[in-house]
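Enquirer: Provided herewith is a single structure, encoded as structure tokens, for subsequent inquiry.
The values are calculated or read from the model by the stated rules, or taken from the named source; none is laboratory data. Just so it is clear, the model here is predicted, and its values are computed rather than measured. Here the Cβ positions follow ideal geometry from the backbone for every residue, glycine too, while neighbour counts run over all protein chains shown. Note: accessible area is taken over every heavy atom of the protein model, side chains too, but ligands, DNA and RNA are not part of it. Shrake-Rupley method; radii C 1.70, N 1.55, O 1.52, S 1.80 Å.
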Amino acid sequence: MVEVRLEGVTKRFGRVTAVNSVNLVFGDGEFTALLGPSGSGKSTILYLVAGIYKPSEGRIYFGDRDVTDLMPNERNIGLVFQNYALYPHMTVYDNIAFPLKLRRTPPEVIRDKVLEVAKFLHISELLDRYPAQLSGGQQQRVALARALVKEPEVLLLDEPLSNLDALLRIKIRSELKRIQKELGVTAIYVTHDQSEALAMADKVVVINRGVIQQEAPPDTIYNEPRNVFVASFIGSPPSNIFPATMDYTEEPCINLPGGTRHCVEEEYAGVLWRMKPSKVIVGFRPEHAEIVENPVDGRPVIVGEVYTVEPLGRENIVTVASEDIHLKVITPPEVRPEAGELVYVAVERGKLMLFDPQTEINLKYIAREWSQGG
Amino acid sequence: MARRGRQALFFLLPMLILVVAFYILPLVLTAWISFTPLTNWRVRDQLVDFVGLENYVNLYYLARYDPDFHKVLQTTLVFVVLTLFINVVGGLVLAILTYLIDERISLGYRLLWLLPRMTPLAVFGLLWYYFFYGGPQGTLNSFFLKMGIIDEPMRWGTDPAMLPYSAWAIIVFVNGLVGVSYGMIIFYSAFKNIPRELIIAARVDGAKTWEVIRHILVPIVRWHIVFVTVWQLLSLITSYTHLFVLVQWSVVDKWYGTTLALYVFNTAFFDVKNQGFAAAAAVILVIIGSILGLLTLRIMRFSQMISPPRGDI
Ligand SMILES: Nc1ncnc2c1ncn2[C@@H]1O[C@H](COP(=O)(O)OP(=O)(O)OP(=O)(O)O)[C@@H](O)[C@H]1O
Ligand SMILES: [Mg+2]
């Protein structure tokens, strides 16, 4: 339908900078998730695209069209709010018909379109009811119907599933994805639920304090976080992150907590030789490590004492204390060490992430930028 | 069911006692007095001296033949209808305006409109006394004289050449100024309770400002509009204090500034002190008020707006 582009967009509210010089492209027909903690500026970006807020700086484009100064109703967007914002004094039918009535669409056309979209979203039997007489999931679909009936080029969704129970959420999120693909509409989906973002989106944009942290497909976000923030925000439990000193006697090696050493893989070696940082920030995912009794050759190993064990049925989360650092490891249900036991935490080969201590950027990305830059 | 009834009674009891003591009893007493020839509060010999419907018959003849009383009835109708319109529609307009503009400006603006209501009655009366005063010192006169719009001072509310409209205009204006802030406050707070997203949603759906007002703001506060209308209607029918001051200080003509409520008050306590007759007029007033109140609720389809209880007790 149309591609949405933000170029150098900044939005300030008084002294608060909610969105800070953001450059983003939301691909035509793509489903993009905006992911970030509370107050990071997700809704603000959405409202900027919708035209509810005007950017303090920068321009916004829909395809070739500069829409920066256009009103919301001139942009052909559909917007679904976190709390649905259905008009309480109108029936479901009138709610859905409202945008068409405002466009002075002939009544017969309105009728056809409302019935069609209602059928599409399985709410045909709810048309006479008032919003207060609907369940959360039904309200959500009505809100979606109201956004879709306009046949928008861009569909904006602000945490539309956050009010639903976990089961309904999973059901509706696949439904939403299907609808979006069927219509081929460009969708921007705001959420602070990372599993939702990873499961639904073609592309995930991670944002913190109004600044874009990473913009990539879900697996990249998960496997190759661009910086410490993304690594520690994504995953449950999130990545283990701790500082470590370096040693360059023969090759770049990390002094891990508990007194072990690990000499880094090829892909990090080059960049470390060039930068020669005395310290790095180390990270690995709890699911990429295991508890072993004897250290295995080649794998990075950290020695520590079992602190707590949380059995979750399908798996256990074991917390290991090494020096003053607490590491979480996901283990199979049968691996359930005693608290106080001395164990080795072995990280899968190639799963150790290293970050520059100053910029907190993943050294892998720094290496890539260098090789690209020449 | 019986238990629920008892429970309900328990919670309603304090209010019931108040209503009985301060409304039902006086009402019964008034109705009683309306069948007696009570004058000048000669309670001892006249309170049990029934005259049947005489007071009502007198009232009927007055309504039929007395030109002054005709003026009172006309004034009542004009005053209630116009002031009610100003209070409800004006209140709504003010609330919408103050809702749409910047909060800081809007606060001062609303306070400004509250001033007439906060001003003590005597001060307020004095203000309008000077404002509409018939001599050249009167505010309005001196202003118009300076501007060269008039050549000599006008007696705004009493000059027979401009009656009854000038007197009506003044009483409607003065009372509207006091009453309009009530609706404004109620409507404004109702608007403030509308979630912001609802307005944004309407904007995104393509509504222009007046369409937001028409399709969202006004329908959502419909219940408040009904409430303010009925409340203001009843209070306009029965209140007389501001009018009393205006008439007493001759800001407006005596008869074209007197409504039925003021007429009852004057008859009972001021002019002729004929309490029996005043009571009869008061009873009629209560009946008119009740009918009009119910009628308004019916017209505004109140019953459709009553929702079932929010939970079972
Ligand atoms: N209208 C406003 N006036 C002033 N500050 C605002 C306004 N809207 C947002 N902010 C501020 O901008 C920042 C970003 O807000 P935003 O609503 O975009 O966050 P969010 O990422 O959507 O958070 P959440 O997940 O809690 O909805 C916050 O610090 C917020 O306080
Ligand atoms: Mg938000």
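Enquirer: Would region A:357-374 turn up any residue that is surrounded by 18 or more Cβ atoms within 10 Å (Cβ to Cβ) and part of a loop (DSSP other than H, G, I, E, B)?
Expert: Taking every residue of region A:357-374 in turn, none turns out to be surrounded by 18 or more Cβ atoms within 10 Å (Cβ to Cβ) and part of a loop (DSSP other than H, G, I, E, B).
Enquirer: Answer yes or no: is there a residue in region A:200-213 that is open to solvent by 20 Å² or more (accessible area, probe 1.4 Å), more than 26 Å from A:GLN358 (Cα to Cα) and assigned to a strand (DSSP E or B). Explain how you work it out, then say what you get.
Expert: We begin by selecting, within region A:200-213, every residue open to solvent by 20 Å² or more (accessible area, probe 1.4 Å); these are A:202-203, A:208-209, A:211-213.
Pick out the ones that are also more than 26 Å from A:GLN358 (Cα to Cα) and you get A:202-203.
With the extra rule that they be assigned to a strand (DSSP E or B), the set shrinks to A:203.
For region A:200-213, residues open to solvent by 20 Å² or more (accessible area, probe 1.4 Å), more than 26 Å from A:GLN358 (Cα to Cα) and assigned to a strand (DSSP E or B): present.
Enquirer: Identify the single condition in (1) closer than 21 Å to A:GLY350 by Cβ; (2) at pLDDT below 90; (3) in contact with a strand residue (DSSP E or B) (Cβ under 9 Å, 6 or more places away or on another chain) that A:ARG274 does not satisfy, given that it satisfies every other one.
Expert: (3)
Enquirer: List the number of the failed condition for B:THR76; all other conditions in (1) without any contact (Cβ under 8 Å) to a residue 60 or more places away in the chain; (2) closer than 17 Å to B:ALA261 by Cα hold.
Expert: If we test B:THR76 against (1) without any contact (Cβ under 8 Å) to a residue 60 or more places away in the chain; (2) closer than 17 Å to B:ALA261 by Cα, just (1) comes out false.
Enquirer: If we scan region B:183-192, do we find a residue that is within 14 Å of chain A (Cβ to nearest Cβ) and not aromatic (Phe, Trp, Tyr)?
Expert: yes
Enquirer: Moving on. Considering only region B:125-152, state which residues are assigned to a loop (DSSP other than H, G, I, E, B) and open to solvent by less than 50 Å² (accessible area, probe 1.4 Å). Step through it out loud before you land on a result.
Expert: Here is the first cut: in region B:125-152, the ones assigned to a loop (DSSP other than H, G, I, E, B) are B:132-138, B:148-152.
Selection gives B:PHE132, B:GLY134, B:GLY135, B:GLY138, B:ILE150.
Enquirer: I've got another one for you. Can we say B:ILE216 is away from every other protein chain (no Cβ under 14 Å) and either in contact with a helix residue (DSSP H, G or I) (Cβ under 9 Å, 6 or more places away or on another chain) or within 28 Å of B:PHE124 (Cα to Cα) (or both)?
Expert: Values: away from every other protein chain (no Cβ under 14 Å): no; either in contact with a helix residue (DSSP H, G or I) (Cβ under 9 Å, 6 or more places away or on another chain) or within 28 Å of B:PHE124 (Cα to Cα) (or both): yes.
No, not satisfied.
Enquirer: Scan the helices (runs of 4 or more DSSP H) fully inside region B:219-274 and keep the ones with 3 or more residues being at pLDDT 90 or above and either surrounded by 16 or more Cβ atoms within 10 Å (Cβ to Cβ) or within 14 Å of chain A (Cβ to nearest Cβ) (or both).
Expert: On the way: elements: B:222-238, B:241-248, B:260-265.
Fully inside region B:219-274 and qualifying: B:222-238.
Enquirer: Sticking with this structure for a sec: Scan (1) touching a helix residue (DSSP H, G or I) at 6+ places or on another chain (Cβ under 8 Å); (2) under 27 Å from A:LEU48 (Cβ atoms) for the single condition A:PRO152 breaks and write down its number.
Expert: (1)
Enquirer: Could you please give the count of residues in region A:182-200 that are in contact (Cβ under 8 Å) with a residue 24 or more places away in the chain and either of a type in the set (A, V, I, L, M) or more than 16 Å from ligand 1 (Cβ to nearest atom) (or both)? Let's see the steps before the verdict.
Expert: Step one: of region A:182-200, the residues in contact (Cβ under 8 Å) with a residue 24 or more places away in the chain are A:183-200.
Narrowing further to those that are either of a type in the set (A, V, I, L, M) or more than 16 Å from ligand 1 (Cβ to nearest atom) (or both): A:183-188, A:190, A:197-200.
Total satisfying the criteria: 11.
Enquirer: For the subset of region A:19-55 comprising residues that are over 22 Å from A:LYS203 (Cα atoms) and surrounded by 15 or more Cβ atoms within 10 Å (Cβ to Cβ), which member is nearest to the other protein chains (Cβ to nearest Cβ)? Let's see the steps before the verdict.
Expert: First pass over region A:19-55, keeping only residues over 22 Å from A:LYS203 (Cα atoms): A:51-55.
Next, from what is left, pick out any that are surrounded by 15 or more Cβ atoms within 10 Å (Cβ to Cβ): A:51-53, A:55.
Values: A:GLY51: 8, A:ILE52: 6, A:TYR53: 10, A:PRO55: 17 Å.
Per the criteria, the residue is A:ILE52.
Enquirer: Restricting attention to region A:15-36, and to residues there that are in a strand (DSSP E or B), at negative phi and of a type in the set (Gly, Ala, Ser), which single residue is farthest from ligand 1 (Cβ to nearest atom)?
Expert: Looking only at region A:15-36, we keep the residues that are in a strand (DSSP E or B), and these are A:16-26, A:31-35.
Within this subset, residues satisfying the condition of being at negative phi are A:16-20, A:22-26, A:31-35.
Narrowing further to those that are of a type in the set (Gly, Ala, Ser): A:18, A:33.
Numbers: A:ALA18: 3, A:ALA33: 13 Å.
Among residues in region A:15-36 that are in a strand (DSSP E or B), at negative phi and of a type in the set (Gly, Ala, Ser), the one farthest from ligand 1 (Cβ to nearest atom) is A:ALA33.
Enquirer: Out of B:ALA278, B:ALA282, which single residue is open to solvent by less than 20 Å² (accessible area, probe 1.4 Å), touching a helix residue (DSSP H, G or I) at 6+ places or on another chain (Cβ under 8 Å) and either basic (Lys, Arg) or away from chain A (no Cβ under 14 Å) (or both)? Working first, answer last.
Expert: Numbers: B:ALA282 fails: open to solvent by less than 20 Å² (accessible area, probe 1.4 Å).
On inspection, the qualifying residue turns out to be B:ALA278.
Enquirer: Looking at region A:214-233 only, could you name the residues that are of a type in the set (A, V, I, L, M) and either within 16 Å of ligand 2 (Cβ to nearest atom) or surrounded by 23 or more Cβ atoms within 10 Å (Cβ to Cβ) (or both)? First the steps, then the outcome.
Expert: Here is the first cut: in region A:214-233, the residues of a type in the set (A, V, I, L, M) are A:216, A:221, A:228, A:230-231.
Hits for region A:214-233 are A:ILE221, A:VAL230, A:ALA231.
Enquirer: Of these, A:ARG12, A:ARG111, which one is over 30 Å from A:PRO218 (Cβ atoms), more than 10 Å from every other protein chain (Cβ to nearest Cβ) and within 16 Å of ligand 1 (Cβ to nearest atom)? Before the answer, list the steps.
Expert: On the way: A:ARG111 fails: within 16 Å of ligand 1 (Cβ to nearest atom).
Unique residue meeting the criteria: A:ARG12.
Enquirer: Restricting to region A:196-239, name every residue that is over 21 Å from A:GLY27 (Cα atoms) and under 11 Å from the mean Cα position of the chain (by Cα).
Expert: Selection gives A:ASN208, A:VAL230, A:PHE233, A:ILE234, A:GLY235.
Enquirer: What are the residues in region B:5-50 that are out of contact with any Gly (no Cβ under 6 Å at 6 or more places or on another chain), part of a loop (DSSP other than H, G, I, E, B) and surrounded by 16 or more Cβ atoms within 10 Å (Cβ to Cβ), if any?
Expert: Those that are out of contact with any Gly (no Cβ under 6 Å at 6 or more places or on another chain), part of a loop (DSSP other than H, G, I, E, B) and surrounded by 16 or more Cβ atoms within 10 Å (Cβ to Cβ): B:SER34, B:PHE35, B:LEU47.
Enquirer: Restricting to region B:96-124, and then to whatever is open to solvent by less than 50 Å² (accessible area, probe 1.4 Å) and aliphatic (A, V, I, L, M), can you tell me which residue is modelled with the lowest pLDDT? If you could, list the steps in order and put the result at the bottom.
Expert: Filtering region B:96-124 down to residues open to solvent by less than 50 Å² (accessible area, probe 1.4 Å) leaves B:96, B:98-99, B:106, B:108, B:110, B:114, B:116, B:119, B:124.
Those still in the list that are aliphatic (A, V, I, L, M) too: B:96, B:114.
Working: B:ILE96: 93, B:LEU114: 85.
The extreme case among them is B:LEU114.
Enquirer: Further, regarding this structure: I'm trying to understand the selection: among the residues of region A:124-144, which are among the hydrophobic types (A, V, I, L, M, F, W, C) and surrounded by fewer than 23 Cβ atoms within 10 Å (Cβ to Cβ)? Reasoning before the result, please.
Expert: Narrowing region A:124-144 to residues among the hydrophobic types (A, V, I, L, M, F, W, C): A:126-127, A:132, A:134, A:142-144.
Correct list: A:LEU126, A:LEU127, A:ALA132, A:LEU134.
Enquirer: Of the residues B:VAL51, B:VAL20, which is of a type in the set (Val, Ile, Thr) and more than 11 Å from B:GLY276 (Cβ to Cβ)?
Expert: Details: B:VAL51 fails: more than 11 Å from B:GLY276 (Cβ to Cβ).
Being of a type in the set (Val, Ile, Thr) and more than 11 Å from B:GLY276 (Cβ to Cβ) holds for just one of B:VAL51, B:VAL20, which is B:VAL20.
Enquirer: Looking only at region B:164-206, count every residue that is closer than 30 Å to B:GLY135 by Cβ and surrounded by 17 or more Cβ atoms within 10 Å (Cβ to Cβ) and tell me the total. Working first, answer last.
Expert: Here is the first cut: in region B:164-206, the residues closer than 30 Å to B:GLY135 by Cβ are B:164-180.
Among the residues that remain, those that are also surrounded by 17 or more Cβ atoms within 10 Å (Cβ to Cβ) are: B:164, B:166-168, B:170-172, B:174-180.
Number of matching residues: 14.
Enquirer: Can you tell me how many residues in region A:181-203 are more than 17 Å from A:ILE234 (Cα to Cα) and of a type in the set (Gly, Ala, Ser)?
Expert: Within region A:181-203, residues that are more than 17 Å from A:ILE234 (Cα to Cα) and of a type in the set (Gly, Ala, Ser) number 2.
Enquirer: What is the residue count in region A:56-88 for residues that are away from ligand 1 (no atom under 12 Å from the Cβ), buried (at least 16 other Cβ atoms within 10 Å of the Cβ) and either within 14 Å of chain B (Cβ to nearest Cβ) or closer than 30 Å to A:PRO238 by Cβ (or both)?
Expert: 13
Enquirer: For region A:151-179, how many residues meet the condition of being away from ligand 2 (no atom under 16 Å from the Cβ) and modelled with pLDDT of 90 or more?
Expert: Filtering region A:151-179 for residues away from ligand 2 (no atom under 16 Å from the Cβ) gives A:151-155, A:164-179.
This time we only want the ones that are modelled with pLDDT of 90 or more, so: A:152-155.
Result for region A:151-179: 4.
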